[in-house]
1. Hey, what D do you get for segment 206-313 in µm²/s if you plug the Kirkwood alpha-carbon radius into Stokes-Einstein at 37 °C and 0.692 mPa s?
2. Which value, in debye to the nearest 20, gives the size of the charge dipole of the chain about its Cα centre, when Lys and Arg are +1 and Asp and Glu are -1 at the Cβ?
3. Please list 3J(HN,Hα) in residue order for segment 294-310, calculated via the Karplus relation 6.51 cos²θ - 1.76 cosθ + 1.60 where θ = phi - 60°; whole Hz, with x for glycine and proline.
4. Indicate the gyration tensor shape class of segment 35-131 (rounded, prolate or oblate), computed on the Cα atoms with a ≥ b ≥ c the square roots of the eigenvalues: a/c under 1.5 is rounded; otherwise a/b larger than b/c is prolate and the rest oblate.
5. Which links in K145/K189; K133/K268; K23/K189; K67/K154; K107/K285; K67/K268 stretch past 26 Å when you go from one Cα to the other?
6. Non-local amide H neighbours of F229 (under 5 Å, H modeled in plane, Pro and chain starts lacking H): which ones?
7. Leaving out ligands, DNA and RNA, what percent of the accessible area of segment 183-312 is carbon and sulfur, probe 1.4 Å?
8. With just the Cα atoms defining each centre, how far is segment 235-253 from segment 1-55? Give it in Å.
Amino acid sequence: MDTFMTVRSYGRNCREANRLARKSLLECEDLISTTKENSLIYMLNEEPEKGVKTGVEICGLVDFSIKMAERTYGALNPVLFPVTRAWGFTSGNFRIPDEQEIEELLKLVDYRNIKIEPAEDSAEKAEFRISMKAGMMMDLGAVGKGFAGDRVLKMLSLAGIECAIIDLGGNIQVLGNKPDGSPWTVGVKNPWGGEPVCGIKVSDCAVVTSGGYERFFEGEDGRRYIHIFDGRTGCPVENDLAAVTAVCASGLYADSLSTALFVMGSEKAVSFWRENRDFDFVIIKKDAAVLYTAGLKGKIFFTAGTPAAVCVE
Ligand code: AMP
Ligand code: MG
């Protein structure tokens, strides 16, 4: 997944558990990588109309992504790959496509054209076929690490581990409490470097951040183009946000939310939270203002350099 990952588990069986966790992470790559040849999603993107056959796990993931796309009115969009690829985010050969090119590519990003149906020839096994319209390409990059995190924690738990903390390229997920029985403390990075902006005390929880500071390039026009895209414009998101951290039990949900809320910008993100209230967030705006949701009261503490944070009720 083009990042560093750390799994730290505590308990008697931790060596074996960590080995299983590593295996589970590598399997995720074989399923959902867009760039690894012969991964499931790679094959889907090679022949979108023919599609690929797969089991309930990946179908569930794709189905979840479609539902989140619907719930967020397309802020999360699992088929933006033709666009992000044209901008060079998959290869590192960054470029700014012209308007006409973007307009053409935007015809390929309608997530309602993803089809999931029972696979014809596998009556006994619960198998499905995922297919899309010609030219479409799927990218589960916005949810992949959360999906992988949930998978790893389940694996660790089955191996008898009760305390663990995993860091999948900045997605932090914890199992249980710390070995001493107290909650874990997860720091939220300062987008401009230095000390974390705040710490959050959590147990059995995912703390997932999407930020404009993570991956970007600078155009010849001097502007910064980031890796999170707006599916309506076909361009990198440019709004009032520097970073969004989503906090909830599910890594998959948190990952989808951090990306979607980032695309929405602060005002819409706050409204979305008020309508749903099944997660928490910490938002850091470009002007360094910090917003956090009421559910974090008593769990969140700020470091000295952080300007007064506002609690959203
Ligand atoms: P994250 O770091 O979880 O916010 O996910 C960002 C990654 O998801 C990018 O590197 C792209 O591969 C992909 N992506 C970019 N914009 C979107 C979007 N609006 N919806 C879904 N995936 C996206
Ligand atoms: Mg995400």
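The values are calculated or read from the model by the stated rules, or taken from the named source; none is laboratory data. Predicted, not measured: the structure shown is a model, and the values here were computed from it. All Cβ positions, even for glycine, are placed from backbone atoms using ideal geometry, and neighbour counts span all protein chains on display. We work out accessible area using only protein heavy atoms, side chains counted, and drop any ligands, DNA or RNA first. Shrake-Rupley method; radii C 1.70, N 1.55, O 1.52, S 1.80 Å.
1. 229
2. On the way: 36 positive and 44 negative charges, 217 e Å.
Here the size comes out at about 1040 debye.
3. Listing the rounded values in order: 4, x, 8, 3, x, 10, 9, 9, 9, 8, 3, x, 7, x, 3, 8, 10 Hz.
4. Judged from the Cα gyration tensor, segment 35-131 comes out prolate (a/c at least 1.5, a/b above b/c).
5. K133/K268; K23/K189; K107/K285
6. The list, which skips near neighbours in sequence, is V237.
7. Numbers: 2790 of 5580 Å².
Carbon and sulfur together cover 50 percent of it.
8. Computed from Cα coordinates, the inter-centre distance equals 22 Å.
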